[in-house]
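> The structure follows.
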Amino acid sequence: MTDKLNELTAAGVAVWLDDLSRVRLSSGGLDQLRREKHVAGVTTNPTIFAKALSDADEYNWQLHDLATRGVEVEESVRMLTTYDVRWACDVMRPSYDGSDGVDGRVSIEVDPRSAHDADKTVAEAKALWWLVDRPNLFIKIPATEEGLSAITDTLAEGISVNVTLIFGLDRYSAVMEAFLAGLERAKANGHDLSTIGSVASFFVSRVDSEVDKRLEKVGSDQAKALKGKAAVANAQLAYERYSEVFSSDRWKALAAAGAHPQRPLWASTSTKNPDYRDVIYVEELIAPGTVNTMPESVIHAYADHGETRGDTVTGAYDAARKVFADLESVGVDMADVIATLEREGVEKFEASWQELLDGVRKSLEAAAKGKGAPNKAAKGNAKSAEKAGGA
């Protein structure tokens, strides 16, 4: 059988998993995906952690210990999530070492409630970097206006960054500027640029969800014919900007000092509309030097029936611009679409973070009352993590 994920990797697309849980770690599932499905990185967000902690009892022993020590809720959340991320970093370390530090990365996000506070974001980024203490960690920072300076300041400290919640082209250009400025300052600060990594997470399917809703409201045949085209066109034009920035003399000077480019990462790549092909946001966004982070279901779908047709991005710029022109002609305001998606993206992560806090608070209360005592399986998982350096 053809190894479709290997073909995708050979085309220059790094396959990353958009999920993490202690069950996945303790069962060996993440390592299996690394070995058998070419998974070369992991992304997380507050929604993923909220689900992981609500679905499994594998956190009981740690919750019991945290409750016994009287650790506050927010600090408990950090202890729980960084434990998993540290463990995942160790699982992915072979990919990191085998790619000279480019892949094998695992991301953890700063508190999304600080998305509009640059100082708090940088302070938390530094704390998370210290707490996880793994070279293949990424700190996720939202690409809000306030987040741009935080990205630069964090990179200047020698800390690797995954910039998240990018929806629009202009903001993406600003993110790349923040990256270049951060590396220039890191170099001036004496950091080894070869150890600093970064990706720019450009969200895909949510763009179609929002644009399609507006096209449906317009209702004309011309409008309906544009459904399912905006997200791919948006990402293709983002890659055009990436290609321009990372062929500039400014970038070449940093590359000569050992820097790795900030790769575009296609995020939110599961298909929300069942009428669309389930791997459309993988097949239509194949280009060298990119990352596609997928839920496990999309990874398996691509392994089963994905088609790697070579580069599907760099030859599509004119067609993508026509999609944008056609959207404008039917009355879709893309600037408003992007502003809406950014606002809602931060709000959704804030809501998930609150859900996570509430869930951990209840679990700590139950553990304090003796209802969440550690079990043998959980203790075994703790020992496994310690062997992997995840304690």
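> What number in nm² do you get for the chain if you take the convex hull of its Cα atoms and divide its surface by four?
Orientation-averaged projected area of the Cα hull: 19.3 nm².
> Specify the angular offset, from 0 to 90 degrees and rounded to the nearest 10, of the alpha carbon long axis of helix 46-55 from the longest principal axis of the alpha carbons in the chain.
40 degrees
> At q = 0.14, 0.25 Å⁻¹, what is the base-10 log of I(q)/I(0) for the stretch 8-61 according to the Debye formula with one equal point scatterer per Cα and no solvent? Please give it to two decimals.
Calculated log10 I(q)/I(0) at the listed q: -0.42, -0.98.
> Same structure, new question: Find the accessible area per residue for the stretch 1-130; the probe is 1.4 Å, ligands and nucleic acids are left out, and the unit is Å².
Accessible area per residue, the stretch 1-130: 40 Å².
> Based on the alpha carbons, how large is the Rg to Rh ratio for the stretch 260-378 when Rh follows Kirkwood?
Using only Cα positions, Rg/Rh for the stretch 260-378 is 1.13.
> Continuing with this model, one more query. Could you give the C-alpha radius of gyration of the stretch 1-91 expressed as a fraction of 2.2 N^0.38 Å, taking N as the number of residues it contains?
In units of the globular-protein estimate, the stretch 1-91 measures up at 1.29.
> Hey, can you grab everything whose amide H is under 5 Å from the amide H of Phe138? Only 5+ residues off in sequence or another chain; H modelled, so Pro and N-termini drop out.
Distant-sequence amide H within range of Phe138: Val106, Ser107, Ile108.
> Also, quick follow-up: Of the residues Gly315, Gly197, Gly182, which exhibits the maximal mean-square fluctuation in a Gaussian network model of the chain defined by a 10 Å Cα contact cut-off?
Evaluated over the chain, the most mobile residue of the options is Gly315.
> Using the Karplus curve 6.51 cos²θ - 1.76 cosθ + 1.60 with θ = phi - 60°, work out ³J(HN,Hα) for each residue of the stretch 286-292 in order, rounded to whole Hz, and write x for Gly and Pro.
Here the 3J(HN,Hα) series is 8, 7, x, x, 10, 10, 10 Hz.
> Which order do the peptides 325-331, 98-104 take when ranked by the mean count of other beta-carbon atoms within 10 Å per residue, highest first?
98-104, 325-331
> Let me ask something else. If you project the alpha carbons of the stretch 47-205 onto the principal axes, what extent comes out on each, in Å, largest first?
So the three principal-axis extents are 45, 35, 34 Å.
> Considering only C-alpha atoms, what is the centroid distance from the stretch 50-77 to the stretch 170-242, in Å?
Cα centroid of the stretch 50-77 versus Cα centroid of the stretch 170-242: 35 Å apart.
> Nearest 10 degrees is fine. How inclined is helix 118-132 to the longest principal axis of the chain, computing both from alpha carbons?
50 degrees
> Given Cβ point charges of +1 (Lys, Arg) and -1 (Asp, Glu) and nothing else, what value in debye, to the nearest 20, does the dipole of the stretch 100-223 about its Cα centre take?
The calculation lands at about 120 debye.
> Do the sum for the chain: with -39,500 (n - 2.57) for every DSSP H run of n ≥ 4, divided by all residues, what is the mean residue ellipticity at 222 nm, to the nearest 500 deg cm²/dmol?
Helix-only estimate at 222 nm: -18000 deg cm²/dmol.
> Check Val291: other-chain or 5+ apart residues with amide H under 5 Å from its amide H, H built from backbone geometry?
Ala14, Leu265, Trp266
> Calculate, in nm to one decimal, what Ser297 and Lys217 gain on full extension: separation in residues at 0.36 nm each, minus their alpha carbon distance.
Fully extending the segment from Ser297 to Lys217 adds 25.7 nm.
> Could you work out how far helix 376-387 tilts from the main Cα principal axis of the chain, as a 0 to 90 degree angle to the nearest 10?
The answer is roughly 70 degrees.
> Among the listed pairs Lys213/Lys322; Lys51/Lys213; Lys51/Lys348; Lys229/Lys252, which are separated by more than 24 Å between their Cα atoms?
Lys51/Lys213; Lys229/Lys252, as the Cα separations exceed 24 Å there.
> Normalising by the residue count of the stretch 83-172, find the relative contact order in percent from Cα pairs under 8 Å and 6+ residues apart.
27 percent
The values are calculated or read from the model by the stated rules, or taken from the named source; none is laboratory data. Note that the coordinates shown come from a computational prediction; the quantities given were computed from them, not determined experimentally. Positions of Cβ are generated from backbone atoms using ideal geometry, with glycine treated the same way; all protein chains shown enter the neighbour counts. We work out accessible area using only protein heavy atoms, side chains counted, and drop any ligands, DNA or RNA first. Shrake-Rupley method; radii C 1.70, N 1.55, O 1.52, S 1.80 Å.
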